[in-house]
1. Within the stretch 26-60, count every residue that is of a type in the set (Asp, Glu) and farther than 17 Å from Ser14 by Cβ.
2. Thr80 - would you say it is touching a strand residue (DSSP E or B) at 6+ places or on another chain (Cβ under 8 Å), polar (S, T, N, Q) and either at pLDDT below 95 or farther than 24 Å from Lys146 by Cα (or both)?
3. Give me the residue from the stretch 70-93 that is in a loop (DSSP other than H, G, I, E, B) and within 15 Å of the chain's Cα centre (by Cα) and, out of that set, nearest to Ala22 (Cα to Cα).
4. Select, from Ala7, Ala54, Ala35, the only residue that is touching a Ser or Thr at 6+ places or on another chain (Cβ under 7 Å) and closer than 18 Å to Val152 by Cβ.
5. Considering only residues that are of a type outside the set (D, E, K, R) and either at pLDDT 95 or above or in contact with a Leu (Cβ under 8 Å, 6 or more places away or on another chain) (or both), look in the stretch 27-42 and name the one that is surrounded by the most Cβ atoms within 10 Å (Cβ to Cβ).
6. Among all residue pairs at least 6 apart or on different chains, which show Cβ distances below 9 Å where the first residue, located in the stretch 144-170, is aromatic (Phe, Trp, Tyr) and the second is assigned to a helix (DSSP H, G or I)?
7. I need the full set of residues from the stretch 147-160 which are out of contact with any helix residue (DSSP H, G or I) (no Cβ under 9 Å at 6 or more places or on another chain) and of a type in the set (D, E, K, R), in order please.
8. Could you tell me whether the stretch 83-94 includes any residue that is at pLDDT below 95 and closer than 30 Å to Gly131 by Cα?
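The values are calculated or read from the model by the stated rules, or taken from the named source; none is laboratory data. From a predicted model like this one, the values you see are computed outputs, not experimental measurements. Quick reminder, even Gly has a Cβ in these numbers, built from the backbone with ideal geometry, and neighbours come from all protein chains shown.
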Amino acid sequence: MHKLRFAVIGIDHSHIYAQVDALVDAGAELVSFLAEDCALSRNFQTRYPYVRPAREIQTILEDPSIPLIVSATTNSTRATLGISVMRYAKDFMVSRAGFTLGTGGFLEIRKNRDLTGRPMRNHLSLVSQTGIYYFDCGGYPCPYAKQFIDDVLNRTDTAVRQQHCFLASRLALEAQDIASRTRRSTMQGDT
């Protein structure tokens with residue numbers, strides 16, 4: 001099996017470092033990156049001095065030796081970038097926020113920061129109306145990156161099942177619709 005080569009487009013927040021480190025630690029090869037912000041670009045280049053920056057997005061997208069694009073771009077540009085990437089028949093891995101469970105709370109997985117201030121790594125926090133519940137996941141292996149690399153190379157869906165992605169997307173859209181209708185209803189009632 002050959003090594004998975006990948007590039008980064010968009011380093012607008014620090015989640016990109018965990019994404020890149022997980023893939024590199026699992027055996028993938030970071031070969032290029034593109035960032036609009038010069039300071040973020042310099043920081044990224046300092047952390048990964050062996051990686052060459054690209055001058056434009058097309059350089060990365062048109063390179064047939066790069067099947068995966070990884071991104072931590074802003075929320076407002078993720079969908080557009082993802083569509084562009086997939087039009088070039090490349091896979092796209094993007095950082096995202098934790099799962100939100102309506103107004104009753106949320107489940108958040110944080111690799112480097114705990115909601116209550118613990119300095120350790122690999123945190124799982126469950127926040128509900130009754131409190132914040134913490135689980136230290138530091139002693140458990142995280143097979144995601146190795147499985148993800150295998151999925152990209154072999155066109156499988158082991159790391160995250162496709163049906164899971166479809167379900168998560170559907171639920172997110174339904175939740176957004178409910179929130180929008182509730183917001184409109186509340187605003188109409190206030191006037």
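1. Number of matching residues: 2.
2. When the stated conditions are applied, Thr80 does not pass them.
3. Step one: of the stretch 70-93, the residues in a loop (DSSP other than H, G, I, E, B) are 73-74, 88-90.
Still in the list and also within 15 Å of the chain's Cα centre (by Cα): 73-74.
Working: Thr73: 18, Thr74: 21 Å.
Out of the qualifying residues, it is Thr73.
4. Ala7 is the lone residue from the list that is touching a Ser or Thr at 6+ places or on another chain (Cβ under 7 Å) and closer than 18 Å to Val152 by Cβ.
5. Among those residues, the one meeting the criterion is Phe33.
6. These pairs meet every condition: Tyr144/Ala22; Phe148/Ala22; Phe148/Leu23.
7. Quick first cut of the stretch 147-160, residues out of contact with any helix residue (DSSP H, G or I) (no Cβ under 9 Å at 6 or more places or on another chain) only: 147, 150-155.
Listed by number, the residues that qualify are Asp150, Asp151, Arg155.
8. yes
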